[in-house]
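Beneath this line is the structure, given in structure tokens, with notes to follow.
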Amino acid sequence: MAATEVIRVEGVTKVYQMGHNEVHALRGIDLKVERGEMLAVMGASGSGKSTLMNLLGCLDAPTAGDYYLDGVHVNGLGSNTLADLRNQKLGFVFQGFNLLARTTALENVELPLLYDRTGRQLDTRTLAQNALARVGLAERADHQPNELSGGQQQRVAIARALVTHPALLLADEPTGNLDSRTSIEIMALFQELNDQGITVLVVTHEPDVARYAKRIVEMRDGHVIRDAGIANRGRAADDLRALDASGGAAS
């Protein structure tokens, strides 16, 4: 595996047994993601994109084929090793934010560091504060989720994903619970982080979100039917400025 590759998937299939029937969710997927890319995986419900996301996130195992994550051959690793790999190599951002309700933003961000068994993260509080500052929420560190807007909650979730300095940021429908303006703000943050060198993979069914990526992988019926760079990539920060100039208001 090349040193610049964060993801390499070779001939991956996934078959689920549903009673007497077999469901072929992935049918021979090949995919490479280089360090520093921003990739959007698109597809309708049932296309296989969520199954692929689970495999890339080391939450499920392929039926056949090989998966390499940042140089590590994932196939056959035990549950404890996979848990450590997820903690050290991956940052997750979900549609539903998944924040602990009666816990401050800072404590939510700090949480992944408390599960790091390598001993590499000593000053967890400072690391969490730095991650919140990186997403523009340093002044909200002591607020609980119910004291934050939806966009702010998603920023906390992104800070939590960043705090372990992962090789890959996986975002599953990250704008699905947000209004259109806040969605653009979140994509502007992803683009800013990507400009800083962070590898970002966004799973989405929304073309308006995918246009902010550098590359689109489209899936249908367990196959990749399109894998192409985006010629006229949108810049979310520019779209926000245009929205402000036209009198668009944040909600």
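Just a few scattered comments:
- Condition check for residue 154: modelled with pLDDT of 95 or more, within 24 Å of residue 57 (Cβ to Cβ), outside any strand (DSSP E or B) and not β-branched (Val, Ile, Thr): no
- Residues of region 157-174 satisfying the condition of being touching a Phe, Trp or Tyr at 6+ places or on another chain (Cβ under 8 Å) and either of a type in the set (Gly, Ala, Ser) or farther than 23 Å from residue 41 by Cα (or both): 157, 161, 171
- Take the conditions (1) more than 30 Å from residue 229 (Cβ to Cβ); (2) over 17 Å from the mean Cα position of the chain (by Cα); (3) among the aliphatic types (A, V, I, L, M); (4) surrounded by 20 or more Cβ atoms within 10 Å (Cβ to Cβ); residue 109 misses just one of them, which is (2).
- When region 67-87 is filtered for residues that are out of contact with any helix residue (DSSP H, G or I) (no Cβ under 9 Å at 6 or more places or on another chain) and either among the charged types (D, E, K, R) or more than 19 Å from residue 37 (Cα to Cα) (or both), the ones remaining, listed by number, are 73, 75, 76, 78, 79, 80, 81, 82, 83, 84, 85, 86.
- Any hit, region 171-194, residues being in contact with a Ser or Thr (Cβ under 6 Å, 6 or more places away or on another chain), without any contact (Cβ under 8 Å) to a residue 40 or more places away in the chain, in a helix (DSSP H, G or I) and among the hydroxyl-bearing types (Ser, Thr, Tyr): yes
- Taking (1) touching a Lys or Arg at 6+ places or on another chain (Cβ under 6 Å); (2) part of a helix (DSSP H, G or I) in turn, residue 218 satisfies each apart from (2).
- Considering region 35-116, the qualifying helices (runs of 4 or more DSSP H), each wholly inside and each with 1 or more residues that are without any contact (Cβ under 8 Å) to a residue 60 or more places away in the chain, polar (S, T, N, Q) and under 20 Å from residue 206 (Cα atoms), run over 49-56.
- Cβ separations smaller than 9 Å between residues 6+ apart or across chains give the following pairs from region 125-137 residues that are part of a loop (DSSP other than H, G, I, E, B) to residues that are among the basic types (Lys, Arg): 135/155; 136/155; 137/155.
- Count of residues meeting criterion [closer than 17 Å to residue 174 by Cβ and surrounded by 18 or more Cβ atoms within 10 Å (Cβ to Cβ)] in region 58-97: 5
The values are calculated or read from the model by the stated rules, or taken from the named source; none is laboratory data. Quick caveat, the model's predicted, so the values are computed rather than measured. Positions of Cβ are generated from backbone atoms using ideal geometry, with glycine treated the same way; all protein chains shown enter the neighbour counts.
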